[in-house]
1. Quick one: length gained pulling residue A:154 to residue A:113 fully straight, 0.36 nm per residue minus the C-alpha distance?
2. Go through A:143/A:378; A:119/A:190; A:119/A:267; A:123/B:23; A:103/A:317; A:142/A:225 and tell me which ones have a Cα-Cα distance over 29 Å in this structure.
3. How many nm separate the modelled label positions at residue A:263 and residue A:104, each set 7 Å beyond the Cα in the direction of the Cβ?
4. Going 7 Å from the Cα of residue B:70 in the Cα-to-Cβ direction, what parts of the range A:181-218 have a backbone nitrogen less than 17 Å from that spot?
5. Around residue A:121, what is the net charge, scoring Lys/Arg as +1 and Asp/Glu as -1 over all other residues with Cβ under 10 Å from its Cβ?
6. For residue B:130, put the label point 7 Å out on the Cα→Cβ axis and report which residues of the range B:82-119 keep their amide N under 19 Å from it.
7. Provide the packing ranking of A:270-276, A:181-187, i.e. peptides ordered by the mean count of other C-beta atoms within 10 Å per residue, highest first.
8. Would you mind computing, in nm to one decimal, how far apart the modelled labels at residue A:39 and residue A:69 are, each placed 7 Å from Cα along Cα→Cβ?
Amino acid sequence: MFGAQTHSEPSNWRRNTSSNPKTSTATIKTIAKKTNNLSVKFQDLYSFPVEGNIDDVNVLNEVRERVRQQGKEWWALEASKGANWYLQPQLSLSGEGLTVPSKISAIASTITSAMTLKKLIRKGIPPVLRPKVWLSVSGATKKRSTVPLSYYNDLLVAIEGKVTPATMQIDHDLPRTFPCHPWLDTPEGKAALRRVLVAYSFRDSDVGYCQGLNYIAALLLLVMKTEEDAFWMLAVLLENVLVNDCYTDNLSGCHVEQRVFRDLLAKKCPRISAHLEAMEFDVSLVATEWFLCLFSKSLPSETTLRVWDVLFNEGAKVLFHVALAIFKMKEEELLRTHQIGDVIAIIQSTTHHLFDPDELLTVAFDKIGSMTANTITKQRKKQEPAVMAELDLRLRRLNSLKIDEK
Amino acid sequence: MATIGNNNLNAKLVLLGDMGAGKSSLVLRFVKGQFLEFQESTIGAAFFSQTLAVNDATVKFEIWDTAGQERYHSLAPMYYRGAAAAIIVYDISSTESFERAKKWVQELQKQGNPNMVTALAGNKADLEDKRKVSAEEAQTYAQENGLFFMETSAKTAKNVNEIFYEIARRLPRAQPAQNPAGIVLADRPAERAQTSACCS
């Protein structure tokens with residue numbers, strides 16, 4: 001346990017004490033229920049304060065143990081394959097001086113490494129190795145290598161003292177970004193987050209600053225430890241990993257992803273999709289935040305980062321896998337709902353208590369089944385014109401408002 | 001069909017306004033009675049529900065608290081579509097936020113449900129020494145545009161419950177019996193006022 005403090009939640013107590021158990025078994029059940037309902041405050045693996053029940057604490061303790069075990073697996077591989085074996089497995093076809101069979105064997109060993117790595121990453125990257133592995137598999141290292149070493153520092157010098165609409169919005173959001181986190185709440189934490197966000201707003205003026213990036217950058221800082229690494233992860237994420245224009249102007253990329261998600265839900269979870277549609281519940285109502293914050297505002301931190309482990313290695317399709325899994329996990333419950341509020345309550349309580357990353361990822365990859373990046377690219381292409389037409393129509397309507405005004 | 005004295009209606013309510021105007025803080029004050037100096041910025045939207053008893057009826061609000069940044073504007077129709085009520089929030093210490101509020105009013109007038117009950121909330125009324133928008137100006141604007149206006153403070157709780165009660169009070173009258181979009185007449189027995197909130 002980690003300094004867990006228990007305190008009762010008044011509403012739950014009232015509910016339980018009002019029942020009047022007649023038999024001793026009922027009494028035991030009531031007590032057990034009371035214990036489960038006890039609200040416990042604790043810190044998770046990345047020092048986020050969490051309020052949950054005893055079960056959540058137990059799950060999180062198990063997860064800590066599994067993270068340790070997973071670490072051992074990574075060290076063992078490092079011992080047998082050499083340190084940094086997982087960094088940029090490249091197919092060096094040009095290998096001069098190599099004979100054909102040795103080329104083939106080099107390629108084969110690279111492919112084997114990539115496959116081992118994929119499996120390993122799905123089971124989780126140990127927190128200490130995350131910075132190194134993320135930078136490598138996401139392509140951030142490669143991206144950084146194309147500019148002078150002083151790039152980030154030069155950018156910081158250039159932005160010093162500048163005030164733009166983006167910097168004003170960033171300043172507004174700094175104290176509102178995970179305000180409960182002990183480090184992010186310090187002047188040092190806020191200053192680091194500010195530099196990363198402001199630097200990025202200058203790197204890409206089309207994105208500038210978009211709300212949501214504050215949460216992503218904050219979590220990147222907590223994982224990567226250095227600002228510069230966090231900055232490059234943010235850059236590779238927005239420029240290479242995610243679909244284009246998720247965060248620009250009118251969030252068109254995000255609109256596309258939402259439509260693709262709706263179609264995928266209909267295909268992969270037809271019963272849920274039909275039920276929600278009959279209730280006129282648009283899944284984007286809950287999924288928009290997931291896609292814009294990459295789950296960081298909904299899932300517990302280690303679970304979010306396990307999703308990010310796979311996201312950086314396998315690409316943006318992972319977001320669909322995870323979003324579908326959240327619905328799939330609660331299929332029966334969701335099918336019993338009749339009100340929008342109940343759907344949201346189920347989804348939110350599920351995500352908040354998903355302390356076991358494997359529970360989610362098993363559903364996401366084993367139960368949802370495979371979706372190739374290619375299929376998803378095709379789906380996006382199909383949706384793009386509709387999104388553009390919709391946004392364009394809206395813009396014209398808003399402009400006609402302005403004309404009326406005159 | 002519900003009769004008078006057994007009126008339970010569900011009403012979708014949307015909050016719109018500039019970033020940092022205090023939309024989430026108003027909802028949090030209303031639903032949970034809490035106030036946080038630094039309320040996490042909302043992405044997409046957050047959902048809350050709260051039931052109020054007004055006269056002989058209960059109104060269950062399904063509240064969509066939306067993100068304020070300009071570029072999130074393109075998501076707004078999803079939240080105000082079919083809404084029975086809206087609260088457009090500005091910050092009395094920011095003229096920009098008041099201008100933004102006017103844009104929302106226009107948009108709802110054109111795109112929203114024509115029977116929508118719309119409230120204009122001049123929030124952060126506790127920041128009197130930083131005031132940039134006078135209550136008279138906002139009141140005049142509200143009257144001209146068929147809104148009702150209140151200055152609120154999520155921090156001190158001033159007028160927070162009042163604005164929601166006023167909306168609830170106006171709902172049945174604004175909505176004749178044909179069961180229009182955004183209001184669902186439920187024929188279940190009256191539930192006791194209950195709160196459920198789902199926020200980040």
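1. 11.1 nm
2. Details: A:143/A:378 26 Å; A:119/A:190 36 Å; A:119/A:267 26 Å; A:123/B:23 40 Å; A:103/A:317 32 Å; A:142/A:225 19 Å.
Listed pairs above 29 Å: A:119/A:190; A:123/B:23; A:103/A:317.
3. Each label point is offset 7 Å from its Cα along the Cβ direction, giving 4.1 nm.
4. Those under the cut-off are A:201-202, A:204-212.
5. Working: positive: A:118, A:119, A:122, A:123, A:306; negative: A:309, A:314.
Local net charge: +3.
6. B:89-101, by backbone N distance to the label point.
7. Ranking the peptides A:270-276, A:181-187 by packing returns A:270-276, A:181-187.
8. 3.3
Bear in mind these aren't lab numbers, they're just calculated from the coordinates by the rules spelled out. Just so we're clear, the structure is a prediction, and the values are computed from it rather than from any experiment. Methodologically, a virtual Cβ is constructed for each residue, glycine included, from the backbone with ideal geometry; neighbour enumeration extends over all protein chains shown.
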